[in-house]
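K.L.:
Here's a structure for you.
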Amino acid sequence: MIRTTQPSNAIDLLNGDHKALRKLFKAYRALVERGAEPAQKEELAREICLELSIHPRIEEEIFYPAVRLKLDDDGLINEAVVEHATATDLIGQIECMSPEDDLYDAKVIVLGGYVDHHVKEEKNEIFPRARRSLDIDELGDALAQRKQALRANAGAGDPAGRAKKLDGNPNATLRDSR
């Protein structure tokens, strides 16, 4: 689970999530390389999918609208939203698979590549402009509160509740929770 100390601002919070996700994907690749048991891979893939169901939501609900209001460049945010949608589609595919399926590992690894690309664009293009234009401290508080609420609703930290989706429907897919 992505756990960060109280961030000082929005960009620190989002960068903390990005760093933690990078570690999760690195750990997944290590499991694949050493031929880990399917249950181990599935547990880590679920962790990744959970984190990727929370992080994009706080960006799309709070961060991106604030950036969109201040910057005269909808293209950057539109591209980021499309990248989120692509990741969400892949997450849905992963969640419907078994770790023993032929393409399971490939899909988790490709998802990591999508996330890495997305993170680089945010870090290099969106964050510097947001830092200059927004009250990132206030925005950080809003992001942290929303993230905490989503995590609580997802049953994060409760192994039996991990399968529970963000909107409280245990039968929902991530796409339904968006």
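K.L.:
Have a look at 71, 76, 21 and point out the one that is within 13 Å of the chain's Cα centre (by Cα) and in contact (Cβ under 8 Å) with a residue 24 or more places away in the chain.
P.N.:
Checking each option against the conditions leaves just 21.
K.L.:
While we're on this one: Given the structure, is residue 23 modelled with pLDDT of 95 or more, of a type outside the set (Phe, Trp, Tyr), assigned to a helix (DSSP H, G or I) and under 25 Å from residue 128 (Cα atoms)?
P.N.:
yes
K.L.:
What are the pairs, 6+ residues apart or on separate chains, where a residue within the range 33-52 that is more than 21 Å from residue 152 (Cβ to Cβ) has its Cβ under 7 Å from a residue that is part of a helix (DSSP H, G or I) and among the small types (Gly, Ala, Ser)?
P.N.:
Between residues of the range 33-52 that are more than 21 Å from residue 152 (Cβ to Cβ) and residues that are part of a helix (DSSP H, G or I) and among the small types (Gly, Ala, Ser), the close pairs are 44/27.
K.L.:
Within the range 60-114, how many residues turn out to be modelled with pLDDT under 95 and not in a helix (DSSP H, G or I)?
P.N.:
Final tally of qualifying residues: 4.
K.L.:
Next question. Find all pairs meeting these conditions: Cβ atoms under 8 angstrom apart; at least six residues apart or on different chains; first residue within the range 121-142 and in a helix (DSSP H, G or I); second residue of a type in the set (Phe, Trp, Tyr) and modelled with pLDDT of 95 or more.
P.N.:
Within 8 Å, the pairs are 130/63; 139/63.
K.L.:
Quick one: residue 103 ticks every box in (1) surrounded by fewer than 19 Cβ atoms within 10 Å (Cβ to Cβ); (2) under 17 Å from residue 17 (Cα atoms) bar one, so which box is it?
P.N.:
The failed condition is (2).
The values are calculated or read from the model by the stated rules, or taken from the named source; none is laboratory data. Computed from a predicted model, the values in this text were never measured in an experiment. Reconstructed Cβ throughout: ideal geometry from the backbone, glycine too, with neighbour counts over all protein chains shown.
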